[in-house]
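What follows is a short report on a single structure.
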Amino acid sequence: MSIIVGTSSWSDPGFVEHWYPKGMKANERLPFYAERFDAVEVNSTFYAIPASSTVERWDQVTPEGFRFDVKLHRLLSHHAAQLKDLPPDLRDDVETTDRGRVVLDPALTDEMVRRTAEAMKPLSDAGKLISYLLQLTPAFDPRDNSLEELLPVIEGLAPHPVAIEFRRRSWASPKRLEGVLEWLSAHDAAFVCVDTPPGDHVPIFPPIDAVTNDSLAYLRCHGRNTEGYLHGRSVAERFDYDYPKRELQEIAGRAKHLDAEAEQVHVMFNNNARDLAPKAARAMRSILGQEPGPEA
């Protein structure tokens, strides 16, 4: 079994307040986390490309064999981005809308991809970088967008696979899903399976399990709080959900089925309210027969 369990971030404000020991310094959090989990999803990279020196430290303070999945910048995942979200030296040469949103053109895409790969080189060289996560905005709509738009990101970050999470339900329609999975497979991209709240609302993607890259299956757990997911104003409100054991056992069953088809499965908990994500991830490790590590 090669099911790797972690959380979507190690520095979430809820973790700092409710999970890490009181008074723990910021530079002590990742080593503490890495004593309890074998992988993490880096969330800060959604907001800014880090300095290589920061990434070097991530490598230095985590043990050999620790794994990182790096969430791609919001601009690359077609979320709205302002000039302040870009590296300072790029801000003068990009186009913006009348609302101040950066226009994503091919040249900017290529440059952001290049800088991301360059920044992550310390993890890549250490063998700790497993994948990049592209969490698409719900506004990425098959009526207006094409999967081909994602190719520069996928190709620019090779050989590391890009795990693609769709947030618009229509990509999973019966007439479209098979083609989507075939396209991802043809380009060695990993389909991100999800555990989401019940409902058929546009931004709630259904719980579909598929492996489109033999090296990696990816399962993100967002909790099942429909009201919070749709209307929450903060991350904590959107993903405020305490998984009961029976639901974690259900997710473990999904992970085991994926494990039969992929070399490794990453199960990442994104129910980032208070300490609920590390709590669920530790419980999942126990369900899978893995040592959950020392208590916090």
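Could I have the simple spin-label model distance between Lys256 and Arg99, label points 7 Å from Cα toward Cβ, reported in nm to one decimal?
Modelled inter-label distance: 4.6 nm.
Evaluate E = 1/(1 + (r/R0)^6) for Arg91 and Thr226, where r is the Cβ-Cβ distance and R0 equals 41 Å; express this FRET efficiency to the nearest 0.05.
0.60
What shape does the chain take by its C-alpha gyration tensor, where a ≥ b ≥ c are the square roots of the eigenvalues and a/c under 1.5 counts as rounded, a/b above b/c as prolate, and the rest as oblate?
rounded
³J(HN,Hα) across the stretch 214-231 via Karplus (A = 6.51, B = -1.76, C = 1.60, θ = phi - 60°), whole Hz, x for Gly/Pro?
Residue by residue, the stretch 214-231 yields 4, 7, 8, 10, 9, 10, 10, 10, 9, x, 10, 9, 4, 4, x, 4, 7, 10 Hz.
Please give me, ordered by residue number, the trypsin sites (Lys or Arg not before Pro) of the stretch 18-76 that lie in loop per DSSP and have at most 11 other Cβ atoms within 10 Å.
Hits after loop and neighbour filter: Lys22, Lys25.
Over the stretch 149-251, what is the relative contact order in whole percent, taking alpha-carbon pairs under 8 Å and six or more residues apart?
Answer for the stretch 149-251 is 22 percent.
Relative contact order (percent) for the stretch 200-296, with alpha-carbon contacts under 8 angstrom and 6 or more residues of separation?
Reported as a whole number, the value is 33 percent.
One-quarter of the Cα convex hull surface for the stretch 1-121, in nm²?
9.3 nm²
Do any GluC sites (Glu not before Pro) in the stretch 246-296 lie in a DSSP loop with no more than 10 other beta carbon atoms within 10 Å, and if so, which?
Within the stretch 246-296, the qualifying GluC sites (Glu not before Pro) (loop, at most 10 other Cβ atoms within 10 Å) are Glu295.
Put +1 on the Cβ of every Lys and Arg and -1 on every Asp and Glu Cβ in the stretch 27-153; which of Phe37, Val102, Ile130 then has its Cα farthest towards the positive end of the dipole?
Phe37
Can you list which of the chymotrypsin sites (Phe, Trp or Tyr not before Pro) found in the stretch 1-98 are DSSP loop residues with at most 16 other C-beta atoms within 10 Å?
Tyr47
Counting Lys +1, Arg +1, Asp -1, Glu -1, what net charge surrounds Leu134 among other residues with beta carbon under 15 Å of its beta carbon?
Its environment carries a net charge of -2.
What translational diffusion coefficient, to the nearest whole µm²/s, does the stretch 24-64 have by Stokes-Einstein, given a Kirkwood radius computed over alpha-carbon pairs, a temperature of 37 °C and 0.692 mPa s viscosity?
296 µm²/s
Could you rank the peptides 38-44, 204-210 by their average count of other C-beta atoms within 10 Å per residue, with the highest value first?
38-44, 204-210
About its Cα centre, how strong a charge dipole does the stretch 231-286 have in debye, to the nearest 20, once Lys and Arg get +1 and Asp and Glu get -1 at the Cβ?
With Lys and Arg at +1 and Asp and Glu at -1, about 200 debye.
Each reported figure results from applying straightforward, stated rules to the coordinates on display, with no laboratory input. Source: prediction; values computed, not measured. As a convention, Cβ positions derive from the backbone with ideal geometry for all residues, glycine included, and neighbour counts pool all protein chains shown.
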